[in-house]
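> Pasting a structure here, questions to come.
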Amino acid sequence: MNLRILLVLVSCALSVTTGLVLSRGGSGPAASGRSRPLIGLSMDTLKEERWLTDRDLFIKRAAELGADVQVQAANGDDTRQITDVQTLITSKVDTLVIIPHNGEAMAKAVTMAHEAGIPVLSYDRLITGCDLDLYMTFDNVKVGEMQAKFIADKVPATGKLRLVRIYGARTDNNAKLFKQGQDNVLQPLITAGKVEVLHEDWADDWKPENAKKITNAAITKSGPNFDAILASNDGTAGGAVQALTEEGLAGKVLVTGQDADLAGCQRIVNGTQAMTVYKPVKNLANSAAEVAVKMATHRPLIAKSAINNGKTDVPSILLDIIAVTKDNMRETVVKDGFRAEADVYQGSK
Ligand code: BGC
């Protein structure tokens with residue numbers, strides 16, 4: 001049976017409603033002999049705190065909606081992630097949700113799924129160069145803008161701010177979007193001579209140890225003479241702070257981050273990290289589970305935006321984010337139940 005899924009793309013600017021009819025939908029739970037929909041979740045990694053949270057929330061919400069989830073994690077390996085997707089296709093999942101390690105490499109996985117009639121939702125990170133069905137994420141350019149705005153606000157009235165920039169993994173489209181947002185804010189200040197970038201590099205695979213090496217390279221190159229490190233997430237911030245600690249500089253250099261990881265929040269209240277960006281992962285995981293179940297059961301969906309992935313305009317759902325410092329930690333991540341107060345302030349001075 002060739003059932004169809006209807007995705008409706010609403011153009012906010014023009015208030016025009018366009019119907020996109022996709023000729024995919026798999027056989028559906030009933031036709032596959034299952035009583036409950038089965039969602040396949042293919043993850044880049046489970047070695048970072050953030051993704052464990054995403055997984056657990058996604059499974060919980062799917063279960064509440066009467067669906068099962070089969071999870072595969074590729075440990076940062078593109079070949080393995082393709083094999084994982086193959087496994088999920090063999091299990092006849094009704095919808096595939098992919099968090100790609102490498103957005104470009106996973107286009108192949110989308111093609112494989114479509115050949116089996118399975119729709120694909122790209123989760124948090126965009127899969128590029130393919131006919132993707134749906135993309136759900138946070139406003140990633142805004143994340144970069146928030147991080148850079150924090151730094152921009154610290155530029156002294158006279159003189160300049162000396163900056164080290166640590167980007168994320170080159171293979172992750174989000175890392176490019178974070179940089180784009182940072183550039184939007186910083187470029188005018190760099191051109192005006194108010195910000196000087198002493199050193200910049202990409203942290204392969206987002207690894208803290210690579211961020212530490214970048215920070216060490218900056219210290220070797222310029223001495224300990226910088227005011228801030230624009231780290232693109234809390235993991236890389238952690239690596240940077242480790243390098244600063246070894247040089248006796250922790251707490252003296254402003255460090256940014258993202259994710260409101262527990263360790264990141266603890267560094268903020270202890271003064272070794274200046275800010276993070278809280279992305280309410282619960283909203284993303286819950287919405288994605290709801291949408292994935294709708295896709296599995298052939299119900300129509302509404303996406304208010306579209307993002308071009310190099311091949312097509314992908315119907316997209318973008319969620320909002322919040323900047324967090326020592327001052328609003330309790331009113332944001334703690335109040336939201338994302339982190340327990342006792343955990344964040346454990347051992348704080
Ligand atoms: C996510 C970040 C995360 C990073 C490393 C990015 O794609 O948006 O939240 O910190 O990957 O896993």
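The values are calculated or read from the model by the stated rules, or taken from the named source; none is laboratory data. Note that this is a predicted model, so its numbers are computed, not measured. Please note: Cβ atoms are built from the backbone with ideal geometry, for glycine as well, and neighbour counts cover all protein chains shown. Just the protein is used for accessible areas: all its heavy atoms, side chains included, with ligands, DNA and RNA removed. Shrake-Rupley method; radii C 1.70, N 1.55, O 1.52, S 1.80 Å.
> Write out, first by first residue and then by second, each pair whose Cβ atoms fall under 8 Å of each other, whose residues are 6+ apart or on separate chains, and whose first residue, in the stretch 160-173, is over 12 Å from Val197 (Cβ atoms) while the second is more than 12 Å from the ligand (Cβ to nearest atom) and open to solvent by less than 10 Å² (accessible area, probe 1.4 Å).
That search, which allows pairs on different chains as well, returns nothing.
> Inspect the stretch 193-208 for any residue being closer than 27 Å to Leu319 by Cα and away from the ligand (no atom under 16 Å from the Cβ) and give the result as yes or no.
no
> Limited to the stretch 137-146, what total is found for residues that are in contact with a strand residue (DSSP E or B) (Cβ under 8 Å, 6 or more places away or on another chain) and away from the ligand (no atom under 12 Å from the Cβ)?
So the count comes out to 1.
> Considering only the stretch 279-320, state which residues are closer than 18 Å to Leu57 by Cα, in contact with a Phe, Trp or Tyr (Cβ under 9 Å, 6 or more places away or on another chain) and small (Gly, Ala, Ser).
Within the stretch 279-320, Ala285, Ala288, Ala289, Ala292 qualify.
> Next up: Which residues, counting only those in the stretch 85-101, are over 18 Å from Asp131 (Cβ atoms) and open to solvent by 10 Å² or more (accessible area, probe 1.4 Å)?
Gln86, Thr87, Thr90, Ser91, Lys92, His101
> Out of the residues in the stretch 257-282 meeting the condition of being in a helix (DSSP H, G or I) and among the basic types (Lys, Arg), tell me which one is surrounded by the fewest Cβ atoms within 10 Å (Cβ to Cβ).
Top of the filtered list is Lys282.
> Given (1) in contact (Cβ under 8 Å) with a residue 24 or more places away in the chain; (2) over 29 Å from Ile322 (Cβ atoms), where does Asn102 come up short, assuming only one miss?
Against the list (1) in contact (Cβ under 8 Å) with a residue 24 or more places away in the chain; (2) over 29 Å from Ile322 (Cβ atoms), Asn102 comes up short only on (2).
> Charged (D, E, K, R), assigned to a helix (DSSP H, G or I) and either farther than 22 Å from Ile317 by Cβ or open to solvent by 30 Å² or more (accessible area, probe 1.4 Å) (or both): which single residue out of Arg170, Arg80 fits that description? If you could, list the steps in order and put the result at the bottom.
On the way: Arg170 fails: assigned to a helix (DSSP H, G or I).
One residue alone meets the criteria, Arg80.
> Could you grab me the full set of residues in the stretch 105-119 that are without any contact (Cβ under 8 Å) to a residue 60 or more places away in the chain and either open to solvent by 20 Å² or more (accessible area, probe 1.4 Å) or not in a helix (DSSP H, G or I) (or both)?
Across the stretch 105-119, the qualifying residues are Met106, Lys108, Thr111, Met112, Glu115.
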